[in-house]
């Protein structure tokens with residue numbers, strides 16, 4: 001069996017698709033499956049991973065979008081000539097070239113959808129011109145409205161790519177509902193929950209001062225990082241040892257830096273652009289609580305990873321999050337961007353050692369339900385049948 005994994009990002013990029021692509025490539029290789037990966041990158045570093053034994057082809061992001069897609073497509077075409085399946089991670093940057101290559105080569109085309117790309121781009125493009133009290137549509141209301149030409153074009157391409165796929169993998173029931181709404185046959189949409197693995201040997205000896213509130217992920221407008229910064233002054237009045245660490249990069253980075261400076265929180269709030277994945281997990285180990293104040297998550301790797309290291313969780317009660325976090329059992333659920341609820345939840349966990357222990361233990365139990373073996377077996381069955 002030979003599989004090409006076509007991804008938009010790959011480690012050392014931060015994000016679920018990057019973590020997932022490396023994980024399945026590593027585990028499939030152990031099973032004797034021939035794996036090749038193509039991705040976009042800031043550095044041209046094509047190599048065969050000597051530890052994992054699979055080939056990685058990187059396409060530079062510095063090119064304009066059309067040239068970048070063309071180079072990606074051409075390299076994918078060559079990689080996929082002698083493979084059985086093209087497995088794309090996302091509908092446009094990876095999925096569109098993968099769809100074309102699969103049709104030319106007559107190869108099986110499977111795609112994983114972890115969000116609505118058209119909505120994500122709409123959020124990124126429109127958020128810069130918002131008035132302070134304005135809000136853009138979140139993913140569910142977005143599905144039933146019409147928008148500008150570019151947004152609608154992205155939506156049409158996205159739907160076309162998914163329709164042409166032989167099978168579609170999604171990481172949550174929430175996303176199956178979203179993708180089914182694109183007039184995609186629900187019988188070819190399969191829910192395969194993600195897993196957290198490789199967490200067991202994460203060291204816990206990272207020395208950071210203060211009671212750390214940590215958040216992370218790509219810095220997109222809907223990730224709610226600004227609200228976490230805005231509540232820090234109130235939290236510091238309750239506990240002067242609180243520190244906020246945000247790990248990630250993305251279009252909101254400069255706005256967040258400005259907000260930190262405006263609120264005079266340079267000593268209490270820290271932005272970290274990039275971290276090796278294992279070091280990120282070491283920061284988890286050194287923290288008191290993980291907060292994911294996101295307006296959208298299809299299925300968050302970070303929630304599972306935080307649970308796996310025993311870190312109490314606060315996240316939003318929308319999209320795929322309630323499929324992982326059960327309020328009061330293994331974490332707390334709050335409304336998106338509700339600063340009063342965020343403050344209350346953080347203080348509730350900080351003040352209650354028994355609650356910390358409860359969420360830590362139940363979180364570890366929850367992770368066992370999302371096992372690597374189950375995810376791999378279900379994915380292989382879909383790719384090979």
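Key figures for this structure:
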read-out	value
Single residue of segment 276-296 satisfying the filter (in a helix (DSSP H, G or I) and within 20 Å of residue 348 (Cα to Cα)) that is farthest from the chain's Cα centre (by Cα)	285
Residue 347 without any contact (Cβ under 8 Å) to a residue 12 or more places away in the chain and either crowded, with 20+ Cβ neighbours inside 10 Å or not in a loop (DSSP other than H, G, I, E, B) (or both)	no
Residue 299, sole failed condition from (1) modelled with pLDDT under 95; (2) part of a helix (DSSP H, G or I); (3) within 30 Å of residue 188 (Cβ to Cβ)	(2)
Among residues of segment 146-158, those that are surrounded by fewer than 10 Cβ atoms within 10 Å (Cβ to Cβ) and either part of a helix (DSSP H, G or I) or at pLDDT below 95 (or both), counted	1
Verdict on residue 296 being crowded, with 22+ Cβ neighbours inside 10 Å, touching a residue at least 12 places away in the same chain (Cβ under 8 Å) and either assigned by TED's automatic domain parsing to the domain that holds residue 217 or out of contact with any helix residue (DSSP H, G or I) (no Cβ under 8 Å at 6 or more places or on another chain) (or both)	yes
Residue within segment 133-143 that is farther than 28 Å from residue 224 by Cα and in a helix (DSSP H, G or I) present	no
Looking only at segment 302-318, and only at residues there that are more than 19 Å from residue 347 (Cα to Cα) and outside any helix (DSSP H, G or I), the one that is farthest from the chain's Cα centre (by Cα)	309
Residue that is modelled with the lowest pLDDT [pool: residues in segment 252-268 that are in contact with a helix residue (DSSP H, G or I) (Cβ under 8 Å, 6 or more places away or on another chain) and assigned to a helix (DSSP H, G or I)]	255
Residue 168 in the same structural domain as residue 126 (by TED's automatic domain parsing), assigned to a helix (DSSP H, G or I) and under 19 Å from residue 94 (Cα atoms)	no
Qualifying residue in segment 201-219 (condition: closer than 28 Å to residue 160 by Cα and modelled with pLDDT under 90)	yes
Given (1) touching a strand residue (DSSP E or B) at 6+ places or on another chain (Cβ under 9 Å); (2) part of a loop (DSSP other than H, G, I, E, B); (3) in contact (Cβ under 8 Å) with a residue 60 or more places away in the chain, number of the condition residue 379 does not satisfy	(2)
In segment 101-120, the residues that are in a helix (DSSP H, G or I), over 18 Å from residue 169 (Cβ atoms) and more than 22 Å from the chain's Cα centre (by Cα)	101, 103, 104, 105
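The values are calculated or read from the model by the stated rules, or taken from the named source; none is laboratory data. Note that the structure is predicted; figures quoted are calculated from it, not measured. Neighbour counts are summed over all protein chains in view; Cβ atoms, including those assigned to glycine, are modelled from backbone coordinates with ideal geometry.
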